[in-house]
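Undergrad: Provided herewith is a single structure, encoded as structure tokens, for subsequent inquiry.
Here, each number is a calculation from the coordinates, and none is a lab measurement. Just so we're clear, the structure is a prediction, and the values are computed from it rather than from any experiment. Cβ placement follows ideal geometry from the backbone for every residue including glycine, while neighbour counts extend to all protein chains displayed.
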Amino acid sequence: MAHLRLENIHKRYGDVHAIRGVTLDIADGEFTVLLGPSGCGKSTLLRVIAGLEEADEGSILIDGEAVDDVRAKDRDIAMVFQNYALYPYMTVYENIAFGMRMRKLPQQEIGRQVAWAAKMLEIDELLDRWPRQLSGGQRQRVAMGRAMVRKPRLFLFDEPLSNLDAQLRDGMRTEIKQLHQTLGITTIYVTHDQIEAMMLADRVVLLNRGVIEQQGAPMDLYGRPSNRFVASFLGSPPINYIDGHVRVADGAAHLALSDGSSIPLAGPRAAAIAAAGPRPLTLGVRPEHFLVADGGDGAIRSRVTLVQPAGARVFVNFPIAAASMMGEFSARQRFAPGQELSLQLDMERIVLLDPETGRAVDA
Amino acid sequence: MSSVRERRRRKARMDAVRFVAALAITVVFLFPVYWLFMTAFKSPEEIFSNPPTWFPSRIHWVNFRDLAEDGDLRSIWNSVVIASVSTVLAMLLGTMAAYSLARFRTGGEKLAVWAISVRMVPPIVLAFPLFLMFASLGLVDTYEALIAIYVTINLPYVIWMMRGFIEDIPRELEDSALIDGCSRWQALVRVVFPMARTGLVATAVFAFVYAFNEFAFAIVMTRLEVVTFPVQITHHFQPMSTFWGRIGAMSIFGCLPVFFMIIAMNRFLVRGLSGGALKG
């Protein structure tokens, strides 16, 4: 177990500035997920931590000790790769034992460790097989076993579930989380899958174009995104945006929309919005923040264009000021295309954004 | 039922036709080899008899004995030494250069293309400048001269081939080895070489065969001491007569090293090794 600190890490490939000054503290035993779209620098950052790439600037400290000049093999790190990276000319046993053999551990100890990992991952029947004889899920388990037996200070995962089918992915995700709970090893996990990130992480670090957009507990990022990128990246189906202009009349605020209609802003946050005076404002409304209203003056009126049932939930499309929105409701509520809708916003939970800077606005 | 039987009969007929066709083609292609080899065991009368003798009346070993007594076999030894040493050197240097080109993009794409372009120069163009060079160094008619030349000629080929084989090895395997406790050299030996085993063997076989068969440089660079097999065999084409029996016997000897090498390496030449390394 270890505490990891990255200080102002920069990495360039020719003209491409892949990582631009990342500073990050990862606590002992924490499960941190580096999340971001492809090309955001998350895998590069992981490779820099592993020692497979050298940072152009900045410093990496493990337990307070700079490891910038320490080779990958001496950093006491284990890594699980997206495509498993099993040695095809070695049996499962030899694959798991490889790292320990390189470190010249006694045979008996190696055998004990392999047996422990194999039992834990339920692959003890497969130890004599070749990688080509294994299914995707089994290969992934072997790759995890190879990392586990090392008892490393840091566990690195580079999109380990991307090559598995959806059902297997769910199972392996649970296993990885359980493994972390059991072993308590500081873990850094790279993924582009926000659901995976939300479900696994103690802390999500959202990267975009080589910089950290926001970091924090998954639900903090989801509920209080710091900007439009974070708000858009997290959440499926994605967040809806309603652009308008704040107008204040008699101390009450409402959002005037481009089609001439307006949305009244109510509740405690509305007072703060009103106090800030008239200005352009974007409401970030997650699908579950639309609530069915029972009519009345404060309601937003629209008409259902599309209904997509999904088991316990139903996704409903409707326009607000010509922009298509998607709301998520309980399947117990009935919707049909063409049906009139009367909606309210969950004002305490919606996100307020400055349309010009894209940054979240306090209110 | 009858249509099934009819189909089976038709298939059996087609198989028979295919077999006969394959046999005929094999006979046509193997006939010169058969004729050359048989010539080695014939008496001079049988070699020139008309109608031709398909199989010698008894096995004559005289041609083999003459080659041994006249020192011709020394040329096969020379070829084996020169081809082996030059192949080992070319493989060592070439594989390391290929690794650098493949993994570190040394010199960009241009250096790799330049390397292979060297191979495209007609060898005879280089023969005389090289001869002058080696003559001034006093290295004509030495192992060193031919080994240096064959390493030079084979290097671009080895680099080009091995670069492709190394690029095909998933980088993650090496990364994994580096994290698991290997140095760069250990990763090369424990991951890259085993993964590229088939490529290494195939490339080495071709490099060896080139060096073993090469004629143009060999005839320019050798005199008496290190005459190679392809040069020595021409000595039996004399102005007044051609010693077909000796040429046949020499050809058998000359084929043996390459033949045994390919038999020994066959296992590596045909087996693909990277199955199961990545997602299946």
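Undergrad: What's the exposure ranking of B:250, B:91, B:14, going from fewest to most Cβ atoms within 10 Å? Don't skip to the answer; put the middle values down first.
TA: On the way: B:250 26, B:91 22, B:14 10.
Ordered from fewest to most neighbouring Cβ atoms within 10 Å, B:250, B:91, B:14 come out as B:14, B:91, B:250.
Undergrad: Now a separate question. Separation between the residue A:307 and residue B:143 pseudo-spin-labels, each 7 Å from Cα along Cα→Cβ, expressed in nm?
TA: Simple spin-label model gives 8.9 nm for this pair.
Undergrad: In whole Å, largest first, what are the principal axis extents of the Cα atoms in chain A?
TA: Projected onto the principal axes, the Cα atoms of chain A cover 80, 45, 35 Å.
Undergrad: Among B:181, B:255, B:204, which residue has its Cα positioned farthest towards the positive end of the charge dipole of the range B:154-280, with +1 placed on the Cβ of Lys and Arg, -1 on the Cβ of Asp and Glu, and the dipole taken about the Cα centre?
TA: B:255
Undergrad: In the Gaussian network model of chain B, springs joining C-alpha atoms below 10 Å, which of B:196, B:249, B:264 carries the largest mean-square fluctuation?
TA: Among B:196, B:249, B:264, the largest mean-square fluctuation in the Gaussian network model of chain B belongs to B:264.
Undergrad: Continuing with this model, one more query. How long is the gain from residue B:135 to residue B:5 if the chain were fully straight, where each residue apart is worth 0.36 nm and the alpha carbon distance is subtracted? All intermediate terms of the calculation are to be shown ahead of the outcome.
TA: Numbers: separation 130, 0.36 × 130 = 46.80 nm, distance 7.58 nm.
Length gained between residue B:135 and residue B:5: 39.2 nm.
Undergrad: If you don't mind, another one. Could you estimate the translational diffusion coefficient of the protein assembly as shown from the Stokes-Einstein equation, with Rh from the Kirkwood formula over C-alpha pairs, at 20 °C and 1.002 mPa s, in whole µm²/s? Mind showing how you got there, number by number?
TA: Numbers: Rh = 31.5 Å.
For the chosen part, D equals 68 µm²/s.
Undergrad: Right, another one. Of A:18, A:29, A:8, which is farthest on the positive side of the dipole of the range A:1-87, counting Cα position, with +1 on Lys and Arg Cβ, -1 on Asp and Glu Cβ, and the Cα centre as origin?
TA: A:18
Undergrad: Another question, then. Based solely on C-alpha atoms, express the radius of gyration and the Dmax of the range B:121-280 in angstrom.
TA: For the range B:121-280, the Cα radius of gyration and maximum Cα-Cα distance read 20.8, 71 Å.
Undergrad: If I model a spin label at residue B:65 and residue A:103 as a point 7 Å from the Cα along the Cα→Cβ vector, what separation in nanometres do I get?
TA: According to this spin-label approximation, the distance is 7.1 nm.
Undergrad: When a footprinting reagent is the concern and you count Cβ atoms within 10 Å, what order do B:85, B:189, A:230 take, fewest first?
TA: Details: B:85 17, B:189 12, A:230 26.
Ranking B:85, B:189, A:230 by Cβ neighbours within 10 Å, fewest first, gives B:189, B:85, A:230.
Undergrad: In angstroms, what radius of gyration and Dmax does the range B:180-255 have, counting Cα atoms only?
TA: Final numbers for Rg and Dmax: 20.1, 70 Å.
Undergrad: Shifting gears a bit: What do you get for Rg/Rh of the range B:2-60 when both radii come from the Cα atoms and Rh is the Kirkwood radius? Could the numbers behind the result be given before it?
TA: Working: Rg = 19.5 Å, Rh = 14.3 Å.
When Rh is taken as the Kirkwood radius, the ratio is 1.36.
Undergrad: Same structure, new question: How would the range A:216-306 be classified by its alpha-carbon gyration tensor: rounded, prolate or oblate, with rounded meaning a/c under 1.5 and the a/b versus b/c comparison settling the rest? Write down the numbers at each step before the final one.
TA: Numbers: a/c = 1.86, a/b = 1.28, b/c = 1.46.
In terms of gyration-tensor shape, oblate.
Undergrad: Extending each Cα 7 Å along its Cβ direction at residue B:265 and residue B:57, get the distance between those two points in nm, one decimal.
TA: Each label point is offset 7 Å from its Cα along the Cβ direction, giving 4.4 nm.
Undergrad: Among A:65, A:125, A:175, which one moves the most in a GNM of chain A with springs linking Cα atoms closer than 10 Å?
TA: Answer for the Gaussian network model of chain A: A:125.
Undergrad: At R0 = 30 Å, how high is the FRET efficiency between residue A:70 and residue B:106 if r is their beta carbon distance? Nearest 0.05 is fine. Intermediate results must be reported in sequence, preceding the final value.
TA: Working: r = 25 Å, r/R0 = 0.83.
After rounding, the FRET efficiency stands at 0.75.
Undergrad: Return the loop-located trypsin sites (Lys or Arg not before Pro) in the range B:39-79 (DSSP other than H, G, I, E, B) with at most 12 other Cβ atoms within 10 Å of their own Cβ; answer none if there are none. Numbers along the way, then the final one.
TA: Numbers: sites: B:42, B:58, B:65, B:74; in loops: B:42, B:58.
Counting only loop positions with at most 12 other Cβ atoms within 10 Å, the trypsin sites (Lys or Arg not before Pro) in the range B:39-79 are B:58.
Undergrad: Going through the range B:32-111, which chymotrypsin sites (Phe, Trp or Tyr not before Pro) have at most 16 other Cβ atoms within 10 Å and a DSSP loop state? Can you show the working numbers first?
TA: Details: sites: B:34, B:35, B:37, B:41, B:48, B:54, B:61, B:64, B:77, B:99, B:104; in loops: B:41, B:54, B:61.
Answer by residue number: B:54, B:61.
Undergrad: Same structure, new question: Considering the dipole of the protein assembly as shown built from charges on the beta carbon (Lys and Arg +1, Asp and Glu -1) around the Cα centre, which of A:182, A:207, A:113 is farthest to its positive end?
TA: So the residue furthest toward the plus end is A:113.
Undergrad: Can you tell me the relative contact order of chain A? Whole percent, Cα pairs under 8 Å, sequence separation 6 or more. Please report the intermediate quantities before stating the final value.
TA: Working: 743 pairs, mean separation 56.2, N = 363.
Result for chain A is 15 percent.
Undergrad: Give me D for chain B in µm² s⁻¹, whole number, from Stokes-Einstein with Rh from the Kirkwood sum over alpha-carbon pairs, 4 °C and 1.567 mPa s. Present the calculation step by step, with values, prior to reporting the outcome.
TA: On the way: Rh = 22.5 Å.
Rounded, D is 57 µm²/s.
Undergrad: For the range A:240-353, give the magnitude of the charge dipole about the Cα centre (Cβ charges: +1 Lys/Arg, -1 Asp/Glu; no others), in debye to the nearest 20.
TA: On the way: 10 positive and 10 negative charges, 40 e Å.
The dipole magnitude comes to about 200 debye.
Undergrad: About its Cα centre, how strong a charge dipole does the protein assembly as shown have in debye, to the nearest 20, once Lys and Arg get +1 and Asp and Glu get -1 at the Cβ? Please report the intermediate quantities before stating the final value.
TA: Working: 66 positive and 63 negative charges, 455 e Å.
Around 2180 debye, computed over the protein assembly as shown.
Undergrad: Would you look at the GNM of chain B, springs on alpha carbons closer than 10 Å, and say which of B:151, B:27, B:81 moves the most?
TA: Sorting by GNM fluctuation, first place goes to B:27.
Undergrad: Right, here's the next one. Contour minus end-to-end for residue B:96 and residue B:242, with contour as 0.36 nm per residue of separation and end-to-end as the Cα-Cα distance? Mind dumping the intermediate values first?
TA: On the way: separation 146, 0.36 × 146 = 52.56 nm, distance 4.63 nm.
Computed gain between residue B:96 and residue B:242 is 47.9 nm.
Undergrad: Please work out the C-alpha center-to-center distance from the range B:230-267 to the range A:106-121 and express it in whole Å.
TA: Cα centres, the range B:230-267 to the range A:106-121: 57 Å.
Undergrad: Turning to a different aspect of this structure: Add -39500 (n - 2.57) for each DSSP H run of 4 or more in the protein assembly as shown, then divide by its residues: what number comes out at 222 nm, to the nearest 500 deg cm²/dmol?
TA: On the way: 22 runs with 297 residues, N = 643.
Roughly -15000 deg cm²/dmol at 222 nm, from the helical runs in the protein assembly as shown.
Undergrad: Dipole size in debye (nearest 20) for chain A around its Cα centre, Lys and Arg Cβ +1, Asp and Glu Cβ -1? Kindly include the intermediate steps, with their values, before the conclusion.
TA: Working: 40 positive and 44 negative charges, 155 e Å.
The dipole magnitude comes to about 740 debye.
Undergrad: Need one word for the range A:239-363: rounded, prolate or oblate. Basis is the Cα gyration tensor (sqrt eigenvalues a ≥ b ≥ c); a/c below 1.5 gives rounded, then a/b vs b/c decides. Mind showing how you got there, number by number?
TA: Details: a/c = 1.95, a/b = 1.78, b/c = 1.09.
Cα axes put the range A:239-363 in the prolate bin.
Undergrad: I've got another one for you. For each of A:219, B:240, A:325, count neighbouring Cβ atoms within 10 Å of the residue's Cβ, then give the residues from fewest to most.
TA: Details: A:219 11, B:240 4, A:325 21.
Ranking A:219, B:240, A:325 by Cβ neighbours within 10 Å, fewest first, gives B:240, A:219, A:325.
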